[in-house]
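Some notes on the structure that comes next.
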């Protein structure tokens, strides 16, 4: 029983670390993508309303992406259980990307209101320290370093191959004679 508990804890910690790494990796670029979407007039009006929310309403709005995407993720699990594994995994991945994008953007909008909550103001810095510690631990692990080195080499080889094919230079329109 002791070995099963250790195994389950290892699986849990690995899954949690992967979620944190994905969130860390995707948070900034996805927030920027949502910023571009927010330039639309309807979105900017909605954002202004969200920024004026009181603290607990802001907290509720921040939870909306998680609650909204839960049925989608459950549907993906259903599809995987029915043998449509690739479809289910793609739906989970899409839901994770969309959820991270929405959460990142909504957090930017609601953070000032959330910081008015004493418990949030106290626990948010602790969360950041803990999250950064987990990410540093994962990035310091040998498997992470090996995968990172492999990815660096693969990118370098891809750039060389693109240069070899002559595709790295911008295309110029040839003048007709």
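The values are calculated or read from the model by the stated rules, or taken from the named source; none is laboratory data. Here the structure is a predicted model, which is why all the values come from computation and not from measurement. Positions of Cβ are generated from backbone atoms using ideal geometry, with glycine treated the same way; all protein chains shown enter the neighbour counts.
Okay, residues lined up against (1) surrounded by 14 or more Cβ atoms within 10 Å (Cβ to Cβ); (2) at pLDDT below 90; (3) assigned by TED's automatic domain parsing to the domain that holds residue 29; (4) touching a strand residue (DSSP E or B) at 6+ places or on another chain (Cβ under 9 Å):
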| position | (1), (2), (3), (4) |
| --- | --- |
| 68 | no, yes, yes, no |
| 90 | no, no, yes, no |
| 102 | yes, yes, yes, no |
| 111 | yes, no, yes, no |
| 134 | yes, yes, no, no |
| 139 | no, yes, no, no |
| 148 | no, yes, no, no |
| 160 | no, yes, no, no |
| 175 | no, yes, no, no |
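Taken as a whole, the structure places residue 47 among residues that are touching a helix residue (DSSP H, G or I) at 6+ places or on another chain (Cβ under 7 Å), surrounded by 11 or more Cβ atoms within 10 Å (Cβ to Cβ) and at pLDDT 75 or above. Scanning region 70-86 for residues that are surrounded by 14 or more Cβ atoms within 10 Å (Cβ to Cβ) and in a helix (DSSP H, G or I) returns 72, 73, 75, 76, 79, 80. Checking every residue in region 123-132 against the condition of being touching a residue at least 40 places away in the same chain (Cβ under 8 Å) and within 17 Å of the chain's Cα centre (by Cα) gives at least one match. I'm checking my understanding of the structure. Among residues of region 38-70 that are touching a residue at least 60 places away in the same chain (Cβ under 8 Å) and within 21 Å of the chain's Cα centre (by Cα), which one is nearest to residue 101 (Cα to Cα)? Per the stated criteria, the residue is 38. Comparison of 95, 104, 136, 118 shows that the only residue that is on the phi < 0 side of the Ramachandran plot and over 20 Å from the mean Cα position of the chain (by Cα) is 118. Scanning region 60-92 for residues that are touching a helix residue (DSSP H, G or I) at 6+ places or on another chain (Cβ under 8 Å) and closer than 30 Å to residue 114 by Cα turns up 61, 62, 64, 65, 66, 69, 72, 73, 92.
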